[in-house]
Amino acid sequence: MAVTSDQVLDALRAVQDPDLHRDIVSLGFVKDVVVEGGKVSFTIELTTPACPVKDLLKAQAEESVLALEGVDDVEVEMTAQVRARRQEAEDLLPGVRQVVAIASGKGGVGKSTVTVNLAVALAQSGAKVGLLDADVYGPSIPLMMGVPDERPLSRNSKIMPIERHGVRMMSLGFLLEEGQAVLWRGPMVAGTVRQLLADVMWGDLDYLLVDLPPGTGDAPMSLAQLVPLTGVVLVTTPHSVAANIAGKAAALFERLNTRILGVVENMAAHVCPTCGTEHRLFAGQSGEQLAAKLSTAYLGSVPLDAAVGEASDRGLPSLVAYPYRPQAAAFRAIAGSLAARTSTVAMGKDVQTVEFEPVS
Ligand SMILES: Nc1ncnc2c1ncn2[C@@H]1O[C@H](COP(=O)(O)OP(=O)(O)OP(=O)(O)O)[C@@H](O)[C@H]1O
Ligand SMILES: [Mg+2]
């Protein structure tokens, strides 16, 4: 006797999404169940292609259905549909599902490096990714992505992003003449950030990552006021100063009603190239401690690695130049945690604020 699709769905209720704390059937992830004799096929549609537990969920689903009597072959297709953030009626970014800003209190902690590598990691997972350089005072994305001399084209009075490593990007660096300096006043920053959002043909994107200048100045304020953000990632280094100032930046975003999605710690540890052991280099406050203090998620730690700076100087994200070094694994893991976190937020299942109803 062949199984029914209801029996297949029942079996799949045993598979739980660890971030959303619900089973994949009641979350609506299971689609297109087809039973042909002893062969069962179905699709699991996740909320992000960068899901860190994608392989685990697939294996558990296969195992649960194979355990049914009468089933001898299971075929699971994994797809993803990124859920949209809260949007406004006249949203400046109508096709962009998630907008995540990368901020820090102190300068030079590695925001731009983290932003570039997270963007590439998300794109490599299959997501459509944009990267907006909102550091109007010192745009560094064009150099870091190896496209300092590119000049964007415009079409139908919109500016076309420059694409590299699977990421669509825009920066004031593409629009200024070489050596041209701008004397900024607050309203000019707001106007420029608005233009970079609204006048660029961002198109259909799963994630737009925004690299901010350090601190709590006009750019983060304007951004948070111009577009509903999914939230902000704070980058910190293990020096107490960096953590303290990061705390101040967090307070500003909270005042702007913008959620802190989590903390990324950078340059805190070194991984020994011969034995692979991780050594922490400083005694200051860890990213984990800062995240706990701010009641937000700890998204992970990127080790100090000379390859990161060296690749960046050559115009390559280190994830592309050295995909097998520990920093690359760290960036991929952090991208997965961030994607999972934005999913929980978009689905209103933010673990920090929402009580879960028991699984029926
Ligand atoms: N994990 C790392 N290992 C080694 N070097 C790193 C690492 N992360 C960043 N760097 C280096 O540290 C320097 C500062 O990084 P980056 O420009 O990304 O910081 P930032 O926070 O964006 O700075 P700013 O505040 O000026 O915008 C760069 O030279 C970069 O290559
Ligand atoms: Mg920067």
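The values are calculated or read from the model by the stated rules, or taken from the named source; none is laboratory data. In this text the structure is predicted, and so the values were computed from the model without any measurement. Note: ideal-geometry Cβ built from the backbone for every residue, glycine included; neighbour counts use all protein chains shown. Each accessible area value is taken on the protein alone, full model and side chains, heavy atoms only, with ligands, DNA and RNA left out. Shrake-Rupley method; radii C 1.70, N 1.55, O 1.52, S 1.80 Å.
Can you tell me which residues in region 115-136 are within 9 Å of ligand 2 (Cβ to nearest atom) and either surrounded by 24 or more Cβ atoms within 10 Å (Cβ to Cβ) or at pLDDT 95 or above (or both)? Show your work before the answer.
Initial filter on region 115-136 (within 9 Å of ligand 2 (Cβ to nearest atom)): 115, 133, 135.
Those that are within 9 Å of ligand 2 (Cβ to nearest atom) and either surrounded by 24 or more Cβ atoms within 10 Å (Cβ to Cβ) or at pLDDT 95 or above (or both): THR115, ASP133.
Would you confirm whether or not region 290-298 contains a residue that is modelled with pLDDT of 90 or more, touching a Phe, Trp or Tyr at 6+ places or on another chain (Cβ under 7 Å), more than 19 Å from GLY105 (Cβ to Cβ) and among the small types (Gly, Ala, Ser)?
Scanning region 290-298 turns up no residue that is modelled with pLDDT of 90 or more, touching a Phe, Trp or Tyr at 6+ places or on another chain (Cβ under 7 Å), more than 19 Å from GLY105 (Cβ to Cβ) and among the small types (Gly, Ala, Ser).
All but one of (1) open to solvent by 10 Å² or more (accessible area, probe 1.4 Å); (2) in a strand (DSSP E or B); (3) within 16 Å of ligand 2 (Cβ to nearest atom) hold for ARG97; state the number of the condition that does not hold.
Evaluating ARG97 over (1) open to solvent by 10 Å² or more (accessible area, probe 1.4 Å); (2) in a strand (DSSP E or B); (3) within 16 Å of ligand 2 (Cβ to nearest atom) leaves (3) as the failure.
Taking strands (runs of 3 or more DSSP E) that fall entirely within region 116-227, which contain at least 1 residues that are within 15 Å of ligand 1 (Cβ to nearest atom)? Please lay out each step first, then the result.
Values: elements: 129-133, 162-164, 167-171, 205-211.
Per the criteria, 129-133, 167-171, 205-211.
Which condition number in (1) closer than 25 Å to SER222 by Cα; (2) of a type in the set (Gly, Ala, Ser); (3) away from ligand 1 (no atom under 15 Å from the Cβ) is the one that SER112 fails?
Among (1) closer than 25 Å to SER222 by Cα; (2) of a type in the set (Gly, Ala, Ser); (3) away from ligand 1 (no atom under 15 Å from the Cβ), SER112 violates only (3).
Each row is one residue, and each column tells you yes or no for (1) within 16 Å of TRP202 (Cβ to Cβ); (2) in contact with a helix residue (DSSP H, G or I) (Cβ under 7 Å, 6 or more places away or on another chain); (3) in the same structural domain as ILE245 (by TED's automatic domain parsing).
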site	(1), (2), (3)
LEU56	no, no, no
GLU62	no, no, no
LEU131	yes, yes, yes
ARG155	yes, no, yes
ILE159	yes, no, yes
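Test ARG86 against the stated conditions and say whether it is part of a loop (DSSP other than H, G, I, E, B), open to solvent by 10 Å² or more (accessible area, probe 1.4 Å) and within 18 Å of SER343 (Cα to Cα).
Values: part of a loop (DSSP other than H, G, I, E, B): yes; open to solvent by 10 Å² or more (accessible area, probe 1.4 Å): yes; within 18 Å of SER343 (Cα to Cα): yes.
In short, yes.
Within region 48-69, take every residue that is polar (S, T, N, Q) and assigned to a helix (DSSP H, G or I) and give me the one that is least open to solvent (accessible area, probe 1.4 Å).
In the first step, residues of region 48-69 are kept if they are polar (S, T, N, Q); the result is 48, 60, 64.
Add one more test, that the residue is assigned to a helix (DSSP H, G or I), and what stays is 60, 64.
Numbers: GLN60: 66, SER64: 29 Å².
Step by step, filter region 48-69, then rank; the result is SER64.
Just checking, how many residues over region 32-47 are farther than 29 Å from LEU299 by Cα and in a loop (DSSP other than H, G, I, E, B)?
To start, the set of residues in region 32-47 that are farther than 29 Å from LEU299 by Cα comprises 32-42.
Checking the rest, the ones that are also in a loop (DSSP other than H, G, I, E, B) come to 37-38.
Qualifying residue count for the region: 2.
Does VAL189 qualify as being more than 15 Å from ligand 2 (Cβ to nearest atom), modelled with pLDDT under 95 and open to solvent by less than 10 Å² (accessible area, probe 1.4 Å)? Quick ask: steps written out before the conclusion?
Numbers: more than 15 Å from ligand 2 (Cβ to nearest atom): yes; modelled with pLDDT under 95: yes; open to solvent by less than 10 Å² (accessible area, probe 1.4 Å): yes.
Against the criterion (more than 15 Å from ligand 2 (Cβ to nearest atom), modelled with pLDDT under 95 and open to solvent by less than 10 Å² (accessible area, probe 1.4 Å)), VAL189 qualifies.
Can you tell which of TRP202, TRP184 is out of contact with any Lys or Arg (no Cβ under 9 Å at 6 or more places or on another chain) and aromatic (Phe, Trp, Tyr)?
Numbers: TRP202 fails: out of contact with any Lys or Arg (no Cβ under 9 Å at 6 or more places or on another chain).
The conditions single out TRP184.
Among PRO161, PRO148, PRO139, which is of a type outside the set (A, V, I, L, M), closer than 27 Å to ARG332 by Cβ, open to solvent by 20 Å² or more (accessible area, probe 1.4 Å) and over 21 Å from the mean Cα position of the chain (by Cα)?
Only one candidate passes the filter, namely PRO148.
Checking ALA89 against (1) out of contact with any strand residue (DSSP E or B) (no Cβ under 6 Å at 6 or more places or on another chain); (2) more than 26 Å from GLY309 (Cα to Cα); (3) at pLDDT 95 or above: exactly one of these is not met. Which one?
ALA89 satisfies every listed condition except (3).
Among the numbered criteria (1) under 30 Å from GLY173 (Cβ atoms); (2) modelled with pLDDT under 85, which single criterion is violated by PRO303?
Here PRO303 clears every test but (2).
Pick out the one residue from SER312, SER318 that is open to solvent by 10 Å² or more (accessible area, probe 1.4 Å) and within 16 Å of ligand 1 (Cβ to nearest atom). Spell out how you get there, then give the answer.
On the way: SER318 fails: open to solvent by 10 Å² or more (accessible area, probe 1.4 Å).
Testing whether each residue is open to solvent by 10 Å² or more (accessible area, probe 1.4 Å) and within 16 Å of ligand 1 (Cβ to nearest atom) leaves just SER312.
Looking at VAL232, VAL241, VAL167, VAL263, which is the one that is in the same structural domain as LEU290 (by TED's automatic domain parsing), open to solvent by 70 Å² or more (accessible area, probe 1.4 Å) and either in contact (Cβ under 8 Å) with a residue 24 or more places away in the chain or within 16 Å of ligand 2 (Cβ to nearest atom) (or both)?
Details: VAL232 fails: open to solvent by 70 Å² or more (accessible area, probe 1.4 Å); VAL167 fails: open to solvent by 70 Å² or more (accessible area, probe 1.4 Å); VAL263 fails: open to solvent by 70 Å² or more (accessible area, probe 1.4 Å).
Criteria check complete, one pass: VAL241.
Being closer than 20 Å to LEU208 by Cβ, in contact (Cβ under 8 Å) with a residue 60 or more places away in the chain and buried (at least 20 other Cβ atoms within 10 Å of the Cβ), is that true of even one residue in region 293-308?
Yes - at least one qualifying residue is present in region 293-308.
Report the residue count in region 3-31 for those that are farther than 20 Å from ARG83 by Cα and open to solvent by 50 Å² or more (accessible area, probe 1.4 Å). Spell out the reasoning first.
At the first step, the residues of region 3-31 found to be farther than 20 Å from ARG83 by Cα are 3-15.
Right, trim to open to solvent by 50 Å² or more (accessible area, probe 1.4 Å) and you get 4-7, 10, 13-14.
Of the residues in region 3-31, 7 are farther than 20 Å from ARG83 by Cα and open to solvent by 50 Å² or more (accessible area, probe 1.4 Å).
What is the one condition in (1) modelled with pLDDT of 95 or more; (2) in the same structural domain as ASP206 (by TED's automatic domain parsing) that LEU9 does not satisfy?
Condition not satisfied by LEU9: (2).
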